[in-house]
Amino acid sequence: MTEEPCQCSDCQRFYKEHDRLIREFPTFKQQQELNWASIQSFRTLCSKVTNELQRQLSERESKKDTVPEEKHISVEDLTEALDELESVNAYLYSIEALMERIFDTRISNNIESKFKEIANELAPDPLNTDRLILNRLFHQTPDSPDKKNIN
């Protein structure tokens, strides 16, 4: 017996995004590029935030005797965040090293077409007319054009 997928809003948002990424990037090569870009953008953003927090921490420590602490982010919060972000950056570098191995993998066009075929099965277009009709039948949604809205 299979367990029903979680219906909480966070999980539903994840499932929706998951399916969108499969639909929009249905080949092996597209998934490689998408994941590489995602990791790089995450690493870039984390690095820039880390640098900015380090700059703020240095400024505060140099002005500690002359200027009262700002109310925005405490020195303790900055230090804790920096520790966490440095760990995240280390993990992202590790993931990047693993991704380089994935980029060494090449597959034939026949296999790429199998990726597209499976992607259509895994994440069919939710706006496809047949899919909308089936969803309405299964879920009896009130937005069906053949139903009268009685208030």
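Any read-out appearing in this document is the output of simple, stated calculations on the displayed coordinates, not a laboratory observation. All figures in this text were calculated on a predicted structure; none of them were measured in a lab. So basically every Cβ, Gly included, is an ideal-geometry build from the backbone, and we count neighbours across all protein chains shown.
Listed values for region 114-125 are Karplus-derived 3J(HN,Hα) couplings in whole Hz (6.51 cos²θ - 1.76 cosθ + 1.60, θ = phi - 60°), namely 5, 4, 4, 4, 5, 4, 5, 6, 5, 9, x, 4, and x replaces Gly and Pro. Each label was represented as a point 7 Å from its Cα along the Cα-to-Cβ direction; for E17 and E80 these points are 2.4 nm apart.
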